[in-house]
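What follows is a set of notes on a single structure, which appears directly below.
The values are calculated or read from the model by the stated rules, or taken from the named source; none is laboratory data. Please read these numbers as outputs of a predicted model, since none were measured by experiment. Quick reminder, even Gly has a Cβ in these numbers, built from the backbone with ideal geometry, and neighbours come from all protein chains shown.
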Amino acid sequence: MAIISRIKPKLSLLHNYQFIIVLLLIIFGLTPAFVLESTILSRYEERAVSNRIVNVRTQADILARGISNSDYLKNPEDNVVNAQLQQLATFYDGRILVVNRDYRVVYDTYDKSTGKYIVSSDVMQSFQGTEYSYHSRSDRYVEMTVPVIVSAGQGDGSGNIRIVGLLVISFSTQSVADSMESIQRSALVVKIILIFCVLGAAVLAGFMLLRPLRTLRRSMEAYNDGLEDVVAETGPREIRGIAEVFNRIAARMKTLDDSRQEFVSNVSHELKTPITSMKVLAESLLSQEDVPVELYKEFMQDIAAEVDRESTIIQDLLEMVRMDRTEVQMNIVPVNINELLEAILKRLAPIAEKSSIELVLYSRCQVVADADEVKLTLALSNFIENGIKYNKENGYVHVTLDADYKSFIVTVEDSGIGIPKEDLGQIFERFFRVDKSHSREIGGTGLGLAIARNAILLHRGSVQVDSEVGKGTTFTIQIPLTYVAPAPQK
């Protein structure tokens, strides 16, 4: 447990954007510098060693020509040549062996191997004409051979050449390594300064980059604490976009919350009113003796009407709950849409007659579609009943049925009070009412259109609304003739 507790804080840093930004800036700021330093030092070493090899080989070639033009290999007592060999070895901090054709060392600048034989694959290959050069980075030395060449017919004019001896040269590259160490020490100072500069720049950049987010957070906290009405839309474009979206969501949530509060008030009133009416009627009957049958029947009819009203409100609430479920069961069957609309209009005709509303169905073709008859009936009934309720005296509700090759279209047009343009985008929201006072007189919960729209969407359909205040409203419902079930969620 102690080990886990130590690991968790480290892992939590990976979820801190400021830490990630600083880390990335440090990595991308320092990595090129370190790579560049390593590359430059490596190339410097290669170039320095290569130049030294060229210089040594050039000097050795001059000595080899001098040896080939003399009788040095047979008589290595030539002090001039020996002095030149010793001088070259001393200058480059190295050692030179002069080897004759018999692999015998005729001269050693260290004077340790003179007279000894040296037989190795490198020396043998060099006598065959293959130049040999080897650089040991770990031991810091270079070993190479330079051939001593004479003409095969030297003295008789022949142009053929042959190798009569070798200069086996080895010299130290420690001076190159010392130069590199000096450069590395200077580079270390630069790296330390660079690390502090990059670290400071990364921390400053991380702070500056995240400052708009911190400002946005403080603004959101102020909004949450009720100190501000909106989140300030300041800072870079992306931050302003987030603040703008948040303000839109907050405004929508406020509207929804206001609607819910109003809904609670409306439902409480709607549920309480029938109960109050029934209680008054029942108490009136109980308080009288020998109540006439006619009055008794009248009161019981009123009580039955209040019960129906209560039942309608509760049914709307239950339907809303069912529509909220993540998976709604659809009972899809072939439905004759003409007969379904005729049945709906026949049921709503008495309500229309009370207000002298003309209720007409125009069927332009016969339509049979895949649908859930109960849900579709509920949706279409809501649209048509709304057209009747929110209409004028002696108005009309015209229902038109049409179809094309893939959908059927139901248009519900009324001559009612209309809907203001600013409210058109909210009429399908739950609990929303356009005219609160008029809706209170008519009754209902403000759930009808929300339930109706959900039922249409469950059929993969769509609803469009056009309205003008004082002239009426038109709902256009379009539903596919063939129902396509949604893909199962994984």
Count of the range 447-473 residues which are in contact (Cβ under 8 Å) with a residue 12 or more places away in the chain and either farther than 15 Å from Asn382 by Cβ or not assigned by TED's automatic domain parsing to the domain that holds Asn394 (or both): 9
Counted residues, the range 391-422 - those being of a type in the set (Phe, Trp, Tyr) and either without any contact (Cβ under 8 Å) to a residue 24 or more places away in the chain or assigned to a loop (DSSP other than H, G, I, E, B) (or both): 1
Of (1) of a type outside the set (Lys, Arg); (2) within 25 Å of Glu131 (Cβ to Cβ); (3) over 60 Å from the mean Cα position of the chain (by Cα), Glu77 fails just (2)
Looking at (1) modelled with pLDDT of 90 or more; (2) of a type outside the set (Gly, Ala, Ser); (3) within 47 Å of the chain's Cα centre (by Cα), which is the only condition Lys436 fails? (1)
If you go through Tyr134, Tyr141, the only one that is without any contact (Cβ under 8 Å) to a residue 24 or more places away in the chain, within 30 Å of Ala64 (Cβ to Cβ) and aromatic (Phe, Trp, Tyr) is Tyr134
Kindly establish whether Val190 is exposed (fewer than 14 other Cβ atoms within 10 Å of the Cβ) and of a type in the set (Val, Ile, Thr). yes
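Condition check ((1) of a type in the set (Asp, Glu); (2) in contact (Cβ under 8 Å) with a residue 24 or more places away in the chain) across all residues:
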{"site": "Thr173", "(1), (2)": "no, yes"}
{"site": "Asp178", "(1), (2)": "yes, no"}
{"site": "Ala187", "(1), (2)": "no, yes"}
{"site": "Val190", "(1), (2)": "no, no"}
{"site": "Ala201", "(1), (2)": "no, yes"}
Within the range 37-65, the residues that are without any contact (Cβ under 8 Å) to a residue 60 or more places away in the chain and crowded, with 16+ Cβ neighbours inside 10 Å are Gln59
Among residues of the range 196-207, those that are loosely packed, with under 15 Cβ neighbours inside 10 Å and closer than 28 Å to Arg43 by Cβ, counted: 2
Suppose we filter the range 92-122 for residues that are of a type in the set (Phe, Trp, Tyr) and part of a loop (DSSP other than H, G, I, E, B); how many remain? 3
Looking at this structure, is Val230 surrounded by 11 or more Cβ atoms within 10 Å (Cβ to Cβ) and assigned to a helix (DSSP H, G or I)? no
Being outside any loop (DSSP other than H, G, I, E, B) and either buried (at least 17 other Cβ atoms within 10 Å of the Cβ) or not basic (Lys, Arg) (or both) is the filter here, so list the residues in the range 211-227 that pass it. Pro212, Leu213, Thr215, Leu216, Ser219, Met220, Glu221, Ala222, Tyr223, Asn224
Candidate set from the range 342-386 (those that are of a type in the set (Lys, Arg) and in contact (Cβ under 8 Å) with a residue 12 or more places away in the chain); member that is nearest to Val412 (Cα to Cα): Arg364
Taking into account only those residues within the range 271-294 that are modelled with pLDDT of 75 or more and small (Gly, Ala, Ser), which is farthest from Asp308 (Cα to Cα)? Ser287
